[in-house]
Amino acid sequence: MEMMRAARLHAVGQPMRIDEVERPKASGSDVVVRVKACGMVPNLANVLANWETWYPQMPLPPRPAIHGLDPSGIVHEVGPQVVNLKPGDRVYVNPGRFCGACHHCSSGKPQACEHWTLGGYFGYNQKSLEMFARYPYGGFGEFMLAPQAQVIKIPDNMSFVQGSRLGYLGTSYAALKKCGSLMGKTLIINGATGTLGLGATLFALAMGVAKIYAVARGEKLLERLKAIAPDRIVTFSNVTGSSGSFVKEQTNGSGADLMLDTLGAKAPLGSMLDAMGGVKRGGRIVNIGGTSGALPVDVKWWMDEQMELIGSVWFTAAEGMEIAAMVEAGIIDMSVMSPMVWPLEKINDAISGVGKDEGGFTYYAVEL
């Protein structure tokens, strides 16, 4: 039996422990990846402490659990049915887990699968427990088992630490694709300076958006965001007033074509509702943030204005491949973001050490 080190959560309220556990072996169409870096979710401390109270219908992996949402590393071993991957390949492991056999999975929409689960993080219903049992390894261990369909090759100009940011980048990119063509359109990004918002800004610019109305609280980070494309980004601090009214004023009363809401968990829904007021008639609103609760939408406004409100969860492996290709070609420059990195032995320092002063401009990772 070969062993490995892994950080495991044994009980809520306790620090993670570095344990020696059995190393996974590849079989069938599965792959074993030697993890080199794993992204640290900024909200992980809250998730570990409060998730089962906040969202009891969405199970966490059974404890002792190896968490870690965004792993990147090197293919170590492949099962006999694996194609197009070999030991030594540099990869990112998409943590999305799904049955692979239902109509949604076969249609390229695995997020709609009843078994949809984010490995190393949380599930969406009780069927996620089956996925946790099949793939119990998150990224906070030296090796992990993953289905070949979720292993994405990354280019040489993307470091492993940068690869550990792909989860948030992919979430933003997939949501923008649901907006339809961005060429020449105007877009509100609510929560624009956060982890999801910054990624959405980079992709929207690359995808041809004419104007971004970037809404957030802090003026300093908004100024930093605007510097990325001063002629195409208009910023507004919603601390100073209504973001929806501001956008309407900027567009001669018409509004923006599209809106992306990227607010984090427990953010005030009033901010989202206010920004929605800045979307023009026939507009499309896509939500990818973690905020929750009952949104008091005027359904007559919804009907009369012919608005679309869409939820978007995570991203597919195909979209991850598209992002990797854009980074390789220099279309997306990840250097505008700076990492803060801890070794695995400092996992608890990492969980408690993530901050929000730099918004999405700083991202967090554990190196192994």
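The values are calculated or read from the model by the stated rules, or taken from the named source; none is laboratory data. Because the structure is predicted, anything quoted here is derived from the model rather than measured. Here the Cβ positions follow ideal geometry from the backbone for every residue, glycine too, while neighbour counts run over all protein chains shown. When the accessible area is computed, the model is the full protein with side chains, heavy atoms only, and any ligands, DNA or RNA have been set aside. Shrake-Rupley method; radii C 1.70, N 1.55, O 1.52, S 1.80 Å.
Just to check your reading of the model, which residue among D261, D298 is open to solvent by 20 Å² or more (accessible area, probe 1.4 Å) and on the phi < 0 side of the Ramachandran plot?
Going through D261, D298 in turn, just one is open to solvent by 20 Å² or more (accessible area, probe 1.4 Å) and on the phi < 0 side of the Ramachandran plot: D298.
So in the range 231-245, with the set limited to residues that are within 22 Å of I285 (Cα to Cα) and open to solvent by 50 Å² or more (accessible area, probe 1.4 Å), which one is modelled with the lowest pLDDT?
Among those that are within 22 Å of I285 (Cα to Cα) and open to solvent by 50 Å² or more (accessible area, probe 1.4 Å), it is V239.
Just checking, does the range 326-346 include any residue being among the small types (G, A, S) and crowded, with 20+ Cβ neighbours inside 10 Å?
No, there is no match, as no residue in the range 326-346 is among the small types (G, A, S) and crowded, with 20+ Cβ neighbours inside 10 Å.
Here's the yes/no breakdown for (1) modelled with pLDDT of 95 or more; (2) closer than 20 Å to V354 by Cβ:
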{"position": "N43", "(1), (2)": "no, yes"}
{"position": "M58", "(1), (2)": "no, no"}
{"position": "I66", "(1), (2)": "yes, yes"}
{"position": "S72", "(1), (2)": "yes, yes"}
{"position": "E77", "(1), (2)": "yes, no"}
{"position": "V82", "(1), (2)": "yes, no"}
{"position": "L85", "(1), (2)": "yes, no"}
{"position": "Y92", "(1), (2)": "yes, no"}
{"position": "C113", "(1), (2)": "yes, no"}
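Residues that are crowded, with 20+ Cβ neighbours inside 10 Å: list the strands (runs of 3 or more DSSP E) wholly contained in the range 1-86 that include at least 1 such residues.
3-8, 30-39, 70-78
Could you go through the range 140-149 and let me know if any residue there is of a type in the set (F, W, Y), out of contact with any Pro (no Cβ under 8 Å at 6 or more places or on another chain) and in the same structural domain as W342 (by the TED database).
Yes, some residue in the range 140-149 is of a type in the set (F, W, Y), out of contact with any Pro (no Cβ under 8 Å at 6 or more places or on another chain) and in the same structural domain as W342 (by the TED database).
Yes or no: G138 out of contact with any Asp or Glu (no Cβ under 7 Å at 6 or more places or on another chain), part of a loop (DSSP other than H, G, I, E, B) and open to solvent by 10 Å² or more (accessible area, probe 1.4 Å)?
When the stated conditions are applied, G138 does not pass them.
With E319, E308, E367 as the choices, which residue is open to solvent by 60 Å² or more (accessible area, probe 1.4 Å), in contact (Cβ under 8 Å) with a residue 60 or more places away in the chain and either in contact with a Ser or Thr (Cβ under 9 Å, 6 or more places away or on another chain) or not hydroxyl-bearing (S, T, Y) (or both)?
Answer to the check: E367.
State all residues of the range 168-186 that are part of a helix (DSSP H, G or I), in contact with a helix residue (DSSP H, G or I) (Cβ under 9 Å, 6 or more places away or on another chain) and at pLDDT 95 or above; if no residue qualifies, say none.
The answer is L169, G170, T171, S172, Y173, A174, A175, L176, K177.
Regarding the range 150-160, can at least one residue be identified that is assigned by the TED database to the domain that holds R23 and in contact with a Pro (Cβ under 8 Å, 6 or more places away or on another chain)?
yes
With under 22 Å from the mean Cα position of the chain (by Cα), touching a residue at least 24 places away in the same chain (Cβ under 8 Å), outside any helix (DSSP H, G or I) and surrounded by fewer than 24 Cβ atoms within 10 Å (Cβ to Cβ) as the only criterion, which of I228, I212, I189 stands out?
I228
Quick check on the range 215-222. Is at least one of its residues at pLDDT below 95, buried (at least 21 other Cβ atoms within 10 Å of the Cβ), not in a helix (DSSP H, G or I) and not basic (K, R)?
The answer is no, given that none of the residues of the range 215-222 is at pLDDT below 95, buried (at least 21 other Cβ atoms within 10 Å of the Cβ), not in a helix (DSSP H, G or I) and not basic (K, R).
What are the pairs with Cβ atoms under 7 angstrom where one residue, in the range 82-93, is free of Cβ contacts under 8 Å to residues at least 12 places away in the same chain and the other, located anywhere, is surrounded by 13 or more Cβ atoms within 10 Å (Cβ to Cβ) and of a type in the set (A, V, I, L, M, F, W, C)? Sequence gap at least six, or different chains.
If the second residue must be surrounded by 13 or more Cβ atoms within 10 Å (Cβ to Cβ) and of a type in the set (A, V, I, L, M, F, W, C), the pairs left are K86/V75; K86/V78.
All but one of (1) open to solvent by less than 50 Å² (accessible area, probe 1.4 Å); (2) over 18 Å from the mean Cα position of the chain (by Cα); (3) more than 22 Å from G73 (Cα to Cα) hold for L145; state the number of the condition that does not hold.
Tallying (1) open to solvent by less than 50 Å² (accessible area, probe 1.4 Å); (2) over 18 Å from the mean Cα position of the chain (by Cα); (3) more than 22 Å from G73 (Cα to Cα), L145 fails exactly one: (3).
Report every pair of residues separated by at least 6 positions or lying on different chains whose Cβ atoms are under 8 Å apart, first residue within the range 338-351 and in the same structural domain as D19 (by the TED database), second part of a helix (DSSP H, G or I) and of a type in the set (A, V, I, L, M, F, W, C).
As it stands, the answer is S338/F361; P339/V161; V341/V161; W342/A350; I351/L44; I351/A45; I351/L48, since those pairs meet every condition given.
Let me confirm something: among M144, M158, which residue is within 29 Å of I351 (Cβ to Cβ), assigned to a strand (DSSP E or B) and in contact (Cβ under 8 Å) with a residue 12 or more places away in the chain?
None of the others qualify; the one that does is M144.
For the range 267-368, which strands (runs of 3 or more DSSP E) that fit wholly inside it have 2 or more residues that are touching a strand residue (DSSP E or B) at 6+ places or on another chain (Cβ under 9 Å) and closer than 26 Å to S164 by Cα?
279-287, 338-343, 362-367
Quick one: which residue in G320, G355 is more than 30 Å from H10 (Cα to Cα) and of a type in the set (G, A, S)?
Result of the check over G320, G355: G320.
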